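Attaching a single structure in structure tokens format; questions to follow.
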Amino acid sequence: MIVARVALAAAFLTIAGCDNLSPSERELVHTDAEVFEAVARSELVVGVEDSSRLPRFLRIDSRPVDNTTLLPPQLPAPTGIALEDDSVPLSPAAIDQAARERRAILERLGVEEGGPFFFPGCEGVRTGEPVLAPGATPSRAGCPPEWRRYVTIGIPRRGVGLIPERVRKTEPRSFDTGEVWTVLVTETSIGPGGQDWKQYAWVLTREPDRAGLSLAARFVLSWAE
């Protein structure tokens, strides 16, 4: 009985939180959850073909932010490309609701939720085993002994027009049919050889004959090694 009451209370809080949102916010929170799950599922298998970096530990942040410099710890962060957006900013209540939905998705997928890894002594160099002189011993001071990957996923935006044209030229597809969303995704990899940071614009589409959103393309916007 106690368990049932707790579940009902949680459900009531979720419904109450949604009721405080405008119809447009409620729709975007729903879309955000769908986009977030599609990206999270894809991140589970991204890079598995690179056996030199396996096993790889994955952590995804549930906070729906695009600017990773807002996330602690405060370190000199690479400068990403901001996607212009003329839509009305989400209210704090909508952002909180989106974060709750995201945490539930990560729990269901078995992915750890949390903030960025903090290895201040691990320099930002090209990841991968460093090239060593014959007989030399690799230095792992300040870096984790195993590869780790930290991912942030922004708020989805409708269409692809906000992706710089010079970047979109690498993908011949026009994305002029069906429902199209773009979301900023940042990936930080850190391991024995150092760390790197990459920012992508992921494009997800819903074709007229399909129910769910699926990944259509990934565009590299900026990176640092």
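The values are calculated or read from the model by the stated rules, or taken from the named source; none is laboratory data. Remember, it's a predicted structure, so these values are computed and weren't measured experimentally. With ideal geometry, Cβ positions are generated from the backbone for all residues, glycine too; neighbour counts draw on all protein chains shown. Protein only, heavy atoms only, side chains kept; ligands, DNA and RNA dropped before computing areas. Shrake-Rupley method; radii C 1.70, N 1.55, O 1.52, S 1.80 Å.
Kindly establish whether I163 is surrounded by 19 or more Cβ atoms within 10 Å (Cβ to Cβ) and not in a strand (DSSP E or B).
Yes: the conditions hold for I163.
Got a number for residues in the stretch 95-126 being touching a strand residue (DSSP E or B) at 6+ places or on another chain (Cβ under 6 Å) and either buried (at least 16 other Cβ atoms within 10 Å of the Cβ) or among the hydroxyl-bearing types (S, T, Y) (or both)?
Residues meeting the conditions: 6.
Among the residues of the stretch 173-180, is any β-branched (V, I, T) and open to solvent by 20 Å² or more (accessible area, probe 1.4 Å)?
Yes - at least one qualifying residue is present in the stretch 173-180.
Taking W181 as the residue in question, decide whether it is farther than 17 Å from V151 by Cα and either without any contact (Cβ under 8 Å) to a residue 24 or more places away in the chain or aromatic (F, W, Y) (or both).
For W181, the condition - farther than 17 Å from V151 by Cα and either without any contact (Cβ under 8 Å) to a residue 24 or more places away in the chain or aromatic (F, W, Y) (or both) - is met.
Another question, then. Can you pull out every residue in the stretch 181-225 that is among the acidic types (D, E) and surrounded by fewer than 15 Cβ atoms within 10 Å (Cβ to Cβ)?
Those that are among the acidic types (D, E) and surrounded by fewer than 15 Cβ atoms within 10 Å (Cβ to Cβ): E207, D209, E225.
Check L90 against each of (1) modelled with pLDDT of 80 or more; (2) open to solvent by less than 50 Å² (accessible area, probe 1.4 Å); (3) touching a helix residue (DSSP H, G or I) at 6+ places or on another chain (Cβ under 7 Å) and name the one condition it does not meet.
The failed condition is (1).
Turning to a different aspect of this structure: State whether one or more residues within the stretch 28-48 are modelled with pLDDT under 50 and either open to solvent by less than 80 Å² (accessible area, probe 1.4 Å) or under 26 Å from G110 (Cβ atoms) (or both).
Yes, there is a match, as at least one residue in the stretch 28-48 is modelled with pLDDT under 50 and either open to solvent by less than 80 Å² (accessible area, probe 1.4 Å) or under 26 Å from G110 (Cβ atoms) (or both).
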